[in-house]
Amino acid sequence: MRRPLLKTSLPGPKARAIIDESDAFISTSYTRDFPLVADHAEGAWITDPDGNEFLDVTAGIAVCATGHCHPRVVAAICEQAKKLVHMSGTDFHYGVQGDLAMRLARLGAVRGEGHRVYFGNSGAEAIEAAIKLCRYKTRRPGVLAFLGAFHGRTLGAVSATASKVVQRGHFGPLLPGFYHAIYPDPVRHGRDATRRAMEHIDVLLHRLVGPDELAAILVEPIQGEGGYVVPPDDFLGELRQLCDAHGILLVFDEVQSGMGRTGKMFAWQHVGVAPDVICLAKGIASGMPLSATIARSEVMDWPPGTHASTFGGNPVSCAAAMATLDLLEGELCANAAAVGAAARALLEQKVGTHPRVGAIRGRGLMLAVDLVRDRQTLEPDPALRHAVVERCFYSGLLVLGCGPSAIRLCPALSLGADDAATAVDILVEALAACAP
């Protein structure tokens, strides 16, 4: 069983030189949880310039779905780059963009027949496209989103975001017409979580905005940055009924939960409630910049010029996405389900009753360990989370936080059972050292 290999103190001298040099020129707005410098990578393993080898269960923030530098994805990128690197898909045609759009349209990502795809470069761009599309189609201004949600940092996306004050602070006025309701958390809200959320929505619809003014309800089927919170199974169905009753478009942000991460192509497939519009990015092209906003043809019928992107649907990114879909449909969705279930079982066995673990949650390889001050009050403990994340790094394991005090595991969907077990062992050891 492979283990991380640490040859130097961290960061090593070569990594430290790169950090010191780049920090003088890179925006101070970037967040770096620990001083990793990635030099090269393969699968779930990253090597820094000093030869230290790390087990990566971040996958570039749930992006490298097929693992770092999967040979089939690399081959597709190289082959396309030899033929055509760019010819803006907003003004011209090229085959690989049309092929990918056709393939995505046939995945059944949204309800109804006849789907169309808008291509962008990032999750935030997919959200911006969805907001504009829904407002254009319904001629309504309002968007209902949820507390804890993260949809991106561009102006429209951050107006829908309600995850951290730092993401919104001093950027106002943000876009008008956005409202936020409680997102149901079965751990903290109990068995009445869905009812509580729907009652809050009802208050908003009676006191702040009428349902006939809402263009969209924008929701993550599993909250990502908000803490990998999995809502009760009936929640999305309740939203679907509300939208259908009032002509509101239901938009799913599956930027982080989509493309096989939960063991199914889309997280909504676990409960069988399909959206009108879906936003995809991150794992769609195994690390190449690409996003997709998908809707029924009758919804995505805006005329030429209403929305476009110079680089969206770039030929090289589209080629990477085609190879990614081959791998997801061929084996990786199933692997995410199997390895994710095994990893969760190990976590439950080893830390499920730890006095500082409030919950272990998630689906597939979208897992989180929620750290708390006390299992009774479930008060978040961000200081402990930070200490565990840092301890993992210095033990050769790359993990990230999410939500107030959760640690997330969002590795490549190609992660093997042995590497998953190693990751769990190191995490458990780090927790024991930080909270004995």
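The values are calculated or read from the model by the stated rules, or taken from the named source; none is laboratory data. What you see is a predicted model; the values in this text were computed from it and never measured. Here the Cβ is made from the backbone with ideal geometry for all residues, glycine too, and neighbour counts use every protein chain on show.
Just to be sure, is Ala281 modelled with pLDDT of 95 or more, of a type in the set (A, V, I, L, M) and in contact with a Gly (Cβ under 7 Å, 6 or more places away or on another chain)?
yes
Each row is one residue, and each column tells you yes or no for (1) among the hydroxyl-bearing types (Ser, Thr, Tyr); (2) outside any loop (DSSP other than H, G, I, E, B); (3) modelled with pLDDT of 95 or more.
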position	(1), (2), (3)
His180	no, yes, yes
Gly190	no, yes, no
Val209	no, no, yes
Gly227	no, no, yes
Leu250	no, yes, yes
Val255	no, no, yes
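Within the stretch 301-316, identify whether any single residue is assigned to a helix (DSSP H, G or I) and at pLDDT 95 or above, and answer yes or no.
yes
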Taking the stretch 228-265 and the residues there that are within 19 Å of the chain's Cα centre (by Cα) and over 20 Å from Gly148 (Cβ atoms), the one that is surrounded by the fewest Cβ atoms within 10 Å (Cβ to Cβ) would be Lys264
Across the stretch 186-216, which residue is surrounded by the fewest Cβ atoms within 10 Å (Cβ to Cβ) among those that are within 22 Å of Asp253 (Cβ to Cβ) and without any contact (Cβ under 8 Å) to a residue 12 or more places away in the chain?
His189
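So which residues in the stretch 151-171 are in a loop (DSSP other than H, G, I, E, B) and either under 22 Å from Met198 (Cβ atoms) or touching a His at 6+ places or on another chain (Cβ under 7 Å) (or both), if there are any at all? Full working, then the answer.
To start, the set of residues in the stretch 151-171 that are in a loop (DSSP other than H, G, I, E, B) comprises 151-154, 161-164, 169-171.
Correct list: His151, Thr161, Ala162, Ser163.
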Identify the single condition in (1) surrounded by fewer than 22 Cβ atoms within 10 Å (Cβ to Cβ); (2) of a type in the set (Asp, Glu); (3) touching a Phe, Trp or Tyr at 6+ places or on another chain (Cβ under 9 Å) that Asp370 does not satisfy, given that it satisfies every other one.
(1)
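Let's see how each residue does on (1) under 30 Å from Leu371 (Cβ atoms); (2) at pLDDT below 95:
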site	(1), (2)
His86	no, no
Asp91	no, yes
Asn121	no, no
Gly156	no, no
Val165	yes, yes
Gly177	no, no
Quickly run through the stretch 360-396 and pick out the residues that are in contact (Cβ under 8 Å) with a residue 40 or more places away in the chain and within 20 Å of the chain's Cα centre (by Cα).
Arg361, Gly362, Arg363, Gly364, Leu365, Met366, Leu367, Ala368, Val369, Asp370, Val389
What do you reckon, is Ile77 surrounded by 13 or more Cβ atoms within 10 Å (Cβ to Cβ), over 30 Å from Gly226 (Cβ atoms) and of a type in the set (Val, Ile, Thr)?
yes
Of the residues Gly362, Gly312, only one is touching a Gly at 6+ places or on another chain (Cβ under 6 Å), under 27 Å from Cys279 (Cβ atoms) and surrounded by 22 or more Cβ atoms within 10 Å (Cβ to Cβ); which?
Gly312
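Per-residue answers, yes or no, for (1) touching a helix residue (DSSP H, G or I) at 6+ places or on another chain (Cβ under 6 Å); (2) within 19 Å of His307 (Cα to Cα):
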| site | (1), (2) |
| --- | --- |
| Gly98 | no, yes |
| Met102 | no, no |
| Gly108 | no, no |
| Gly112 | no, no |
| Arg116 | no, yes |
| Ser122 | no, yes |
| Leu133 | no, yes |
| Arg140 | yes, yes |
One residue is enough: does the stretch 359-371 have a residue meeting the conditions closer than 15 Å to Val399 by Cβ and charged (D, E, K, R)?
yes
Meets criteria (farther than 29 Å from Tyr118 by Cβ and at pLDDT 95 or above) for Leu347
yes
